[in-house]
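*Asks:* Handing you this structure, nothing more for now.
The values are calculated or read from the model by the stated rules, or taken from the named source; none is laboratory data. What you see is a predicted model, and the numbers here were worked out from it, not measured in a lab. Cβ placement follows ideal geometry from the backbone for every residue including glycine, while neighbour counts extend to all protein chains displayed. Ligands, DNA and RNA are excluded from the accessible area calculation, which covers all protein heavy atoms including side chains. Shrake-Rupley method; radii C 1.70, N 1.55, O 1.52, S 1.80 Å.
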Amino acid sequence: MPWEKNFDVPQTLNKAMKVFWARGYEATSVQDLIDEMGINRGSMYSTFGDKRSLFIAALRMYDREFRSAQLFEIELKYPGKAGIRALFDGWVETVMNDPAHGGCFLTNTALELATHDPEIGALVAESQADIENFFRRLLRQAQDIGQIPAHRDPDELARTLLATLVGLLVLGRSRPEPTLLHSIVEGAMATLN
């Protein structure tokens, strides 16, 4: 009779994601993961593979269930500039309501691992490109409805907004000051005029 898992795989992966998100890859031990996931070492390895494989699965889960889902929701609800503001304001609110100042798992990973691990770097780059494309779509929509001058280059603006967002996420960890973060958002929105 084959061995059966006595745990919920997505829920257990979510627990691992939270550990990696809070501590980073290097500072998280396999024992930390085992303790938090509530499974034994053998179950972890047979289900998820090694620590790196588990990290990649957790990063993919974050990207799908947090980052991608957030952008999809915003784009459905808010047209043009309102969608761009909603993303920035949403992150400032997240930072201000997070006493641990955990930031964005994707951005944290970019800073810790992207330059040292080509596969993880590619995952981060793909997600960042998707965020840039999100900005580009909303910028074009904003131009179509007259919120942004037609002569402005949506590609250039999208890259600027991506860089601003990443900077905001980094500052949200190191300097989670409402005045600072709100002024960055206002500056980003002012560049669209």
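*Asks:* Restricting to the range 162-193, and then to whatever is of a type in the set (A, V, I, L, M) and more than 22 Å from residue 110 (Cβ to Cβ), can you tell me which residue is nearest to the chain's Cα centre (by Cα)?
*Replies:* Going through the qualifying residues, I end up with 189.
*Asks:* Given the criterion assigned to a helix (DSSP H, G or I), closer than 30 Å to residue 58 by Cβ, free of Cβ contacts under 8 Å to residues at least 24 places away in the same chain and under 20 Å from the mean Cα position of the chain (by Cα), identify the matching residue among 159, 136.
*Replies:* Sole residue among the options that is assigned to a helix (DSSP H, G or I), closer than 30 Å to residue 58 by Cβ, free of Cβ contacts under 8 Å to residues at least 24 places away in the same chain and under 20 Å from the mean Cα position of the chain (by Cα): 136.
*Asks:* Quick one: in the range 112-132, of everything that is more than 20 Å from residue 57 (Cβ to Cβ) and part of a helix (DSSP H, G or I), which residue is least open to solvent (accessible area, probe 1.4 Å)?
*Replies:* 131
*Asks:* Among (1) in contact (Cβ under 8 Å) with a residue 60 or more places away in the chain; (2) out of contact with any His (no Cβ under 9 Å at 6 or more places or on another chain); (3) not aliphatic (A, V, I, L, M), there is one condition residue 128 misses while meeting the rest; what is its number?
*Replies:* Among (1) in contact (Cβ under 8 Å) with a residue 60 or more places away in the chain; (2) out of contact with any His (no Cβ under 9 Å at 6 or more places or on another chain); (3) not aliphatic (A, V, I, L, M), residue 128 violates only (1).
*Asks:* I'm trying to understand the selection: among the residues of the range 133-149, which are among the β-branched types (Val, Ile, Thr) and open to solvent by less than 40 Å² (accessible area, probe 1.4 Å)?
*Replies:* Matches in the range 133-149: 148 only.
*Asks:* Could you tell me whether residue 28 is within 27 Å of residue 174 (Cβ to Cβ) and hydroxyl-bearing (Ser, Thr, Tyr)?
*Replies:* It is true that residue 28 is within 27 Å of residue 174 (Cβ to Cβ) and hydroxyl-bearing (Ser, Thr, Tyr).
*Asks:* Kindly establish whether residue 148 is in a loop (DSSP other than H, G, I, E, B) and in contact (Cβ under 8 Å) with a residue 60 or more places away in the chain.
*Replies:* Yes, satisfied.
*Asks:* Here's something else I'd like to know. Having 3 or more residues that are open to solvent by less than 20 Å² (accessible area, probe 1.4 Å) and in contact (Cβ under 8 Å) with a residue 12 or more places away in the chain is the bar; report the helices (runs of 4 or more DSSP H) wholly within the range 20-107 that clear it.
*Replies:* Per the criteria, 51-62, 80-96.
*Asks:* Now for a separate question. Do you know which residues across the range 1-19 are over 24 Å from residue 101 (Cβ atoms) and open to solvent by less than 70 Å² (accessible area, probe 1.4 Å)?
*Replies:* Within the range 1-19, 7, 9, 12 qualify.
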